[in-house]
Every structure is written in C-alpha cells, then in structure tokens.
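Where a number appears in this text, it was derived from the coordinates with a stated rule and is not lab data. Here the structure is a predicted model, which means the values were calculated and not measured. Positions of Cβ are backbone-derived with ideal geometry, glycine not excepted, and every protein chain shown enters the neighbour counts.
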Amino acid sequence: MSSNKPKRIFLLPGFGENEQTFRKLKSYFTNYELVDVDYRPLLALYSISNFTTRAFVNRLIITHKITENDILIGHSIGGNIAYNISQLTNSPTCLLCSFTDPKKVAKEVKVEWIAERFIALTGLRNSFIAKRISNKYKNRPSHEEMMYVMQNFKSFKKAHLRMVYQFSHQAPLSTHRPPDLRIHALKDRVVYTPDEPFEEVPGDHFCHILHHQKVAEIILKWLGT
C-alpha cells in the first residue's frame, strides 16, 4: 500500500553548528518532513579511542533509518557527513559550501580555527582564537553568524569536537556516488571552490543564511518542486 507521507529531508549542520544554521531555509520546504540532525547524542556513545568516521556514519544511518528515499542537505562538514552517508544509502545529496575532498578545507582554517591541537587543549573556547576569528569576519555580513557558531562550541564536549573534526581531513568512505547538487559561494574562505560543477550563489560560507531565497530556489528546482 502506498504512503502519502512527505519525503524526509535530513539537515546536517557544520562544525560546531546546530539546527539554527538552517532556520532561514526551513520555510521553503513545507511539503517535506524536515529532520534536524543533532550529532551530540550519538557522539556521546564514543570515546576518542574508539571513534571512526565509518562507525559514526553507520550509526547515523541506523538511528535515523536513512534510506535511498531520503534527501540529505549538509552545510560545511555536515555536507561531507551527508556525502559519506550517501555512499552507503544512495540517498540524494546536496552540499552547501561543503567538500568531498578534505584538501578543499582552507589550510588557514585548519591551522587557526579547527586545528586538532587547539580542540584538544581548549575546545575552541580560547578567547585569543575567538578574537582572531572575530576580527577576520568583522566587516563581513556573516560576522554575527560566525560569532554565534563560536558561542555554540560551548554546547559540545571537547572530545566531540575532535571527533567531528576528523571528517575535515579523512578520505571519504567511498567515492562511487557523487553529490547530486553542490551550492557554493566564490567568496567562501572556509571551504575552497570545488573542482566539480556547482551552482554559484552570492555571499560566503553562510550563503544559505544571508542569501537563503536564492539557495532555496536552487534546491527546490533540483527537487522538482
């Protein structure tokens, strides 16, 4: 018997982010069941010594019962997690200012922002690091959003940030299924422009917030709605 239930769209936030990063997009997808993915409950099941990206991706799939009928939309590292999920589920996937090649994460970001040694020592709560990042985004429209993300780091345990960070420098589980849609801003200084075809939008790493209408239009066209 056929089901009239709407299709599910899983929203996967980036490093240190939560469901708030998709707040501007949600109103465009009322015909879908939106599922906010919170990594923290599942991260709590691991320690640094037994965490692997494969195990975490598998647990996300099992916990949320993700199948090829579900749609995955991920921002930044969340897009990379979505990409890894799709390798196992064959789910349609949209990457927002994200990457499939870890080399596309800006070296400056890795060293000064999400470098593992800072996470291990401070969990990114060091005031010097926060001030440095704030100054870099000071004159950008996304400054407020970046500062919100910095504050949200406090909701993660240090070990959990280290686990999520692994997705920024490890090879994907497989590469047999490329993302269906890439949306990227040329002024993104966190993730470099992909080599693969992508839909260009204005703004920077937070284009899905500052230019949500344009981003939503591209996604809806892709979905055929």
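Worth pointing out:
- Residue match in region 162-181 (condition: surrounded by fewer than 17 Cβ atoms within 10 Å (Cβ to Cβ), in contact with an Asp or Glu (Cβ under 9 Å, 6 or more places away or on another chain) and assigned to a helix (DSSP H, G or I)): yes
- All conditions but one from (1) over 21 Å from Gly16 (Cβ atoms); (2) surrounded by fewer than 16 Cβ atoms within 10 Å (Cβ to Cβ); (3) touching a residue at least 24 places away in the same chain (Cβ under 8 Å) apply to Ser49; the one that does not is (3).
- Test for Gly16: is it closer than 17 Å to Leu181 by Cα, of a type outside the set (Val, Ile, Thr) and in contact (Cβ under 8 Å) with a residue 60 or more places away in the chain: no
Let's see how each residue does on (1) closer than 23 Å to His205 by Cα; (2) touching a residue at least 40 places away in the same chain (Cβ under 8 Å):
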| position | (1), (2) |
| --- | --- |
| Lys5 | no, no |
| Leu12 | yes, yes |
| Thr21 | yes, yes |
| Thr30 | no, no |
| Tyr39 | yes, yes |
| Thr53 | no, yes |
| Val57 | no, yes |
| Ile61 | no, no |
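- Members of region 13-31 found to be buried (at least 18 other Cβ atoms within 10 Å of the Cβ) and farther than 15 Å from Val149 by Cβ, listed by number: Leu25, Phe29
- Restricting attention to region 189-225, the residues that are out of contact with any Cys (no Cβ under 8 Å at 6 or more places or on another chain), under 14 Å from Thr21 (Cβ atoms) and of a type in the set (Val, Ile, Thr) total 1.
- Selection count, region 194-213, where residues are surrounded by 15 or more Cβ atoms within 10 Å (Cβ to Cβ), out of contact with any Pro (no Cβ under 7 Å at 6 or more places or on another chain) and either among the hydrophobic types (A, V, I, L, M, F, W, C) or free of Cβ contacts under 8 Å to residues at least 60 places away in the same chain (or both): 6
- Residue in region 71-80 that is in contact with a strand residue (DSSP E or B) (Cβ under 8 Å, 6 or more places away or on another chain), surrounded by 16 or more Cβ atoms within 10 Å (Cβ to Cβ) and more than 20 Å from His212 (Cα to Cα) present: yes
- Filtered residue count, region 55-83, keeping only those that are in contact with a helix residue (DSSP H, G or I) (Cβ under 8 Å, 6 or more places away or on another chain) and farther than 26 Å from Thr225 by Cβ: 6
- Conditions (1) in a loop (DSSP other than H, G, I, E, B); (2) crowded, with 22+ Cβ neighbours inside 10 Å; number of the one not met by His184: (1)
- Screening Leu42 with (1) crowded, with 21+ Cβ neighbours inside 10 Å; (2) of a type outside the set (Phe, Trp, Tyr); (3) touching a helix residue (DSSP H, G or I) at 6+ places or on another chain (Cβ under 7 Å) gives one miss only, at (1).
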